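Down below is the structure, laid out as structure tokens.
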Amino acid sequence: MMSVRHLGFVLLVCFPGALHAQSAAQLCRAPNLAGGYFVPQQEMFSHKTNLTYACDTGRQPAVEGWWATSTCDNGTWSHTPQCISENACIPPTIPNGKYTESSDGWYGNGTVIRISCDEAYEHKDHDATGKCVNGTWSSLPVCEKSMSACSEPPKVPHAVITGLGYQELFAVDSEVQYECEDGYTKKNITCLSGTWTEGPVCVRGRGPGTDLGGSAVGGTSGGHTSSAGGRRPGSGHGGTGTTSAGSGTRPVGGGSSTSSGSNEEEIQNAPIKSCGIRPSISNGDIVETREMFLKYACNRYYKYVGPKTVVCHSDGTWSDLPICRATYCSVDRRQYPQLHPDGLKYVEDGEKVSMACVDNWKTDHFSEVRCNDGIIRLRECCSWLTAMFNACSDTLMKRRMFTD
């Protein structure tokens, strides 16, 4: 008998953690649940015990459902059981968005919250607030993929992306770095309004000093393929759009500039440094520079039209340049008495947005604004309910914003 007790003492001395683990978990006291009731009814609850509760008439749990369950977790309830007014709102779930959480864990009737979208996402229809109305959130914002965001960077054989965990979406101007498996070649690529600039070409077994640049991969997996820059229209970035003298109508990519039946001397391509200053285009930028060619992209709200690359000819002239054609309408809300004067708003061609009206602008009255082929159309201000039944009056104003 003495030997058994001695053995038990030795086990406790040698393994004190076992005894501590058993006694470390704390009990939970029964919650003070005003306006509700719970089961089982007892004063103390052991670790990992579930408590189920419901609320009296006119009240609701501070979580989803008319009844709820909370778990004792080492002296603390997984959520504090509480019954709130049925006119209050529980925290909403906003995919890809966040907001300031209430310290109470719920929101009173009439509370307005402002949602911020995560990087690479933007507010649909530019709606950023939600309001608690009699226990329900009205018009909760939606965070959708930004038009200027890029999907995952293109896969490059024999290369990895360093210093960054995997993600499916990248905000505009995000930059990632490729490193080839030989360890010698590194290259950064950038997200430019939905499209990645080109990545490297990694060839196994090549040593230092080898030119591994190229365009066999990259720039093809960027999701939305609109033009680059993400700038607002009219920024003027990209210069004046003038070309070097003598660009004429020479073919892109080299070869001959002769037309049918002509004996004009063939003009070869030359390294771009041979042509001196690189030409600029209005509302666009140079996004890639190689020894033998340039690549351009347009700012947001502009459409890229023209050759994919620009080359230098051996006679010192540039090949034809692309142009950036406007694809937007601008609405200066201060010029329209029916709209709330929130300043200038850009609407992409083919897009339809809702704009708040002066009358009852804090509630649900709005005007539908559409941009089609450079023509902007505003409808009369009406409520969401009226719009659902297509009962709003037809277009009040029509205005040509740009021409091709």
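Read-outs: derived from the displayed coordinates by stated rules, not from any lab. Model, not experiment: these values are computed from the prediction. Cβ placement follows ideal geometry from the backbone for every residue including glycine, while neighbour counts extend to all protein chains displayed.
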Simple spin-label estimate for Tyr37/Val305, 7 Å along Cα→Cβ, in nm, reads 7.5
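On a full-extension model of 0.36 nm per residue, what is the gain between Ser139 and Tyr166, subtracting their alpha-carbon distance, rounded to one decimal in nm?
6.4 nm
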Cα-based Rg and Dmax for the range 18-108, in Å, come out at 15.2, 49
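Give the residue list of chymotrypsin sites (Phe, Trp or Tyr not before Pro) in the range 158-192 that are DSSP loop and have at most 10 other beta-carbon atoms within 10 angstrom.
Tyr166
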Of the listed pairs Lys131/Lys345; Lys155/Lys273; Lys145/Lys352; Lys124/Lys187; Lys124/Lys303, those with alpha carbons more than 26 Å apart are Lys155/Lys273; Lys124/Lys187
Loop-resident trypsin sites (Lys or Arg not before Pro) in the range 290-373 with no more than 16 other Cβ atoms inside 10 Å, DSSP not H/G/I/E/B, are Arg290, Lys308, Lys362
Binned at 10 Å from zero, the C-alpha pair distances of the range 97-184 give percents of 15, 32, 22, 17, 10, 4, 0
Among GluC sites (Glu not before Pro) in the range 84-188, those in a DSSP loop whose Cβ has at most 12 other Cβ atoms within 10 Å are Glu101, Glu168
Scaled by the rule-of-thumb 2.2 N^0.38 Å, the alpha carbon Rg for the range 97-145 gives a ratio of 1.17
